[in-house]
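Student: Questions regarding the structure given below will be posed in turn.
The values are calculated or read from the model by the stated rules, or taken from the named source; none is laboratory data. Small disclaimer: the values here were computed from a predicted structure and weren't measured. Cβ placement follows ideal geometry from the backbone for every residue including glycine, while neighbour counts extend to all protein chains displayed. Remember, those area values only see protein heavy atoms, side chains included, never the ligands or the DNA or RNA. Shrake-Rupley method; radii C 1.70, N 1.55, O 1.52, S 1.80 Å.
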Amino acid sequence: MSATQTGLLAGLVLGLAATGGFTAFLVTLAVGVIGLVAGRVLDGELDLGDLFGRGRDK
């Protein structure tokens, strides 16, 4: 299992801690996306410097 899959799974499991209808769905979705992004960074498939810009490239 790759870090991307592990991050997504961990985010979804953490999101399940929120209980109560549509709000719980939104919390689970948000935490799942955070886990997915963290997993992609750990796998090397996503570079945060490209997303936020690099301070030295002026």
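Student: Can you tell me the orientation of helix 3-15 relative to the chain, as the angle in degrees between its alpha-carbon axis and the longest Cα principal axis, to the nearest 10?
Tutor: 40 degrees
Student: Using a simple spin-label model with points 7 Å from Cα along the Cα→Cβ vector, what separation in nm is obtained for residue 16 and residue 2?
Tutor: 2.4 nm
Student: Can you give the extra length, in nm with one decimal, that the chain gains between residue 9 and residue 34 once fully stretched, where that is 0.36 nm per residue apart less the Cα-Cα distance?
Tutor: On the way: separation 25, 0.36 × 25 = 9.00 nm, distance 1.06 nm.
Computed gain between residue 9 and residue 34 is 7.9 nm.
Student: Where the accessible area of segment 1-54 is counted over protein heavy atoms with a 1.4 Å probe, how much of it, in %, is carbon and sulfur? Before the final figure, lay out each step's value.
Tutor: Working: 2710 of 3790 Å².
Roughly 71 percent, rounded to a whole number.
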